[in-house]
1. Would you mention how many residues in region B:292-306 are facing chain A (nearest Cβ under 8 Å), open to solvent by 60 Å² or more (accessible area, probe 1.4 Å) and not hydroxyl-bearing (Ser, Thr, Tyr)?
2. Since residue B:245 meets every condition but one in (1) open to solvent by less than 10 Å² (accessible area, probe 1.4 Å); (2) among the small types (Gly, Ala, Ser); (3) within 14 Å of chain A (Cβ to nearest Cβ), which condition does it not meet?
3. Somewhere in region B:276-285, is a residue in a helix (DSSP H, G or I), within 14 Å of another protein chain (Cβ to nearest Cβ), open to solvent by 30 Å² or more (accessible area, probe 1.4 Å) and modelled with pLDDT of 95 or more?
4. Can you tell me which residue in region B:102-159 is least open to solvent (accessible area, probe 1.4 Å), limited to those that are among the polar types (S, T, N, Q) and closer than 19 Å to residue B:186 by Cβ?
5. Could you grab me the full set of residues in region A:274-297 that are open to solvent by less than 70 Å² (accessible area, probe 1.4 Å), part of a loop (DSSP other than H, G, I, E, B) and either among the hydroxyl-bearing types (Ser, Thr, Tyr) or out of contact with any Cys (no Cβ under 8 Å at 6 or more places or on another chain) (or both)?
6. Inside region A:234-265, can you point out the residues that are polar (S, T, N, Q) and surrounded by 16 or more Cβ atoms within 10 Å (Cβ to Cβ)?
7. Suppose we filter A:275, A:263 for residues that are out of contact with any strand residue (DSSP E or B) (no Cβ under 7 Å at 6 or more places or on another chain) and either within 14 Å of chain B (Cβ to nearest Cβ) or charged (D, E, K, R) (or both); which single one remains?
Amino acid sequence: MKTPAQTNMRLTVAKTYKLFIGGAFPRTESGRSVALRNRSGEFVANASRASRKDLREAVVAARKAAEGWAGRTAYLRSQILYRAAEMMESRRESLTATLVKAHGKTAKAAEAEVSASIDRLVWYAGWCDKLTQVLGNQNPVAGPFFNMSSPEATGVVVLFAGESSPLLGLVSIVAPVICGGNAVVACSPIAHAPIVIDFAEVLATSDLPAGVVNLLTGNRDELLPTAAAHRDIDAIGAVGLSMEEQVLLEGGASATIKRVWLDADRTSSAWAVADHQSLYRITPFLEVKTSWHPMGL
Amino acid sequence: MSVHNGVVRSAYHPPAWKAVDAVAVEARAAALGTRSIKKAAKLQGLLLAVSMIDLTTLEGADTPGKVRDLCAKAMRPLPGRSDIPSTGAVCVYPPLVAVAKEALAGSGVKVAAVATYFPSGQGDLAMKLDEVRRTVEAGADEIDMVIDRRAFLMGDYAKVFDEIAATVEACGPAHLKVILETGELQTYDKVRFASQLAIDAGAHFIKTSTGKVQPAATLPVTLVMLEVIREHYFKTGKMVGMKPAGGIRTAKDALKYLVMVNETLGDAWMSPDWFRLGASVLLNDLLMQLEKERLGAYDSLRYHTLG
């Protein structure tokens, strides 16, 4: 009798895409899953639909990680982001295949998106230990004092990714925020689950401390109001919100004076343009601390 | 009476019990932990849990200032919300009892103090009793004593029994909680026996842990102790209080304990007179959940005092 390997008959190992919270891959507490299908209607995988409680758990994990991440030396943050890029590079084929199989990209487009995502991580990795020099300042004052301004992380940032670019669109908004020393909870559409959770596997093996990046897949209309009102979130960034969603977000955020940052949705090829990697994507999630110092000390 | 190392002691022998079914205890505790409590019942549970807290600080770095802050928090956990009750007690080391007593005067919040060479219990009886008397004199309403685990684990149950009985006497009007330090007792059988021994010696409350040893309070250990209290009540008609302490950090945990007490002992025990939770950070989590119910939005620790 032949073994399964000899007959090339194997059970299909179908992947269930879970969430990425606090460095672990839990199922949504709600138990809800959505069957993803490709354009021709074939089953691709089951993905999680995150609930408000998953968002809460993710914020708890991010809050726990925030201080430690901001407190690491900038050099170390830089190295960890670079390591994430390395991990992505070594999984290039698998990420490309996911974009083709699960997200209907052409091989060429998929490869371009993965490459641009890796390059983007490398680019922001380089900024970690240069932010302070470029954005900080020694201010002239009319008195016998020093006065210095330096950028610091805002804290816990929740991001809502757009619809049009599952990988590069996510990397392009997450990388600048963690580069500045923040902890992130990023929410992507459920349809993005395969590549988002593949990316989570990259981060999980990148020496990135647990909880610094948490990735959820879910419906924005369910998660946005909860995030807007949540009192333990310091800033929210969102891509491609409708006018109504913007009003809802700004209104909810005003109760706790969260920072709100909005951007337009764009395709992967549009995100790939160098304009969309910028120091000024880091600054919305930084606070400037100015300290006075008696001269001569 | 018996003679032990030349000292006359009461004879106290372990009751002839069948072994505790550890698997069943853990399964029962886990099953009770999955109860879903919603809306009005949850709100009621959260408020009740606040009123049952022994708000505790037992650090080498405790100062009168810190204890006064803690007392202010115990009396009025969340300024602006008069619907939230005071905690049951404030729990401190003996030298800070006077400070707490003064700060809590007239509030109804009790002063509890740990004594008898807390947390190890490694001291001789005369010194332990002296500490207890002085602590009660300083104003403690409740004394949390530790049992001598060395004697207990070496089988000298009579010594443990006599120490508890002597401490009950030294407490005078103050209530006595007896800490078994279940994390050091190793088996459910020993936990059950120690619970029975403490109750027989006159404990008003039995308490799981000092909070200084891991594991501290767990649901299965608490269940074993609650069942001893239940059996004792059935046999004698006398109620004994229960206090799990250490490691209870979230509102969710606290509600699990309330479910367990209600299921095991019933309504009569659902009061700070008969059930307490020894905790420090738990209070803020309860307050955050209470605020969440009020605001409809998840709360942040930054709006709450003391860590």
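1. 4
2. Here residue B:245 meets the rest and fails (3).
3. Yes; the residues of region B:276-285 include at least one that is in a helix (DSSP H, G or I), within 14 Å of another protein chain (Cβ to nearest Cβ), open to solvent by 30 Å² or more (accessible area, probe 1.4 Å) and modelled with pLDDT of 95 or more.
4. For region B:102-159, the residue satisfying everything is B:120.
5. A:277, A:278
6. A:256
7. Going through A:275, A:263 in turn, just one is out of contact with any strand residue (DSSP E or B) (no Cβ under 7 Å at 6 or more places or on another chain) and either within 14 Å of chain B (Cβ to nearest Cβ) or charged (D, E, K, R) (or both): A:275.
Every residue, every condition in (1) outside any strand (DSSP E or B); (2) more than 14 Å from chain B (Cβ to nearest Cβ); (3) within 30 Å of residue A:131 (Cβ to Cβ), yes or no:
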position: A:26; (1), (2), (3): yes, yes, no
position: A:39; (1), (2), (3): yes, yes, no
position: A:50; (1), (2), (3): yes, yes, no
position: A:54; (1), (2), (3): yes, no, no
position: A:66; (1), (2), (3): yes, no, yes
position: A:84; (1), (2), (3): yes, yes, yes
position: A:94; (1), (2), (3): yes, yes, no
position: A:98; (1), (2), (3): yes, yes, no
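The values are calculated or read from the model by the stated rules, or taken from the named source; none is laboratory data. Computed from a prediction, not measured in an experiment: that's the story for all the values here. Here Cβ is always computed from backbone atoms with ideal geometry, including for glycine, and neighbour counts include all displayed protein chains. Remember, those area values only see protein heavy atoms, side chains included, never the ligands or the DNA or RNA. Shrake-Rupley method; radii C 1.70, N 1.55, O 1.52, S 1.80 Å.
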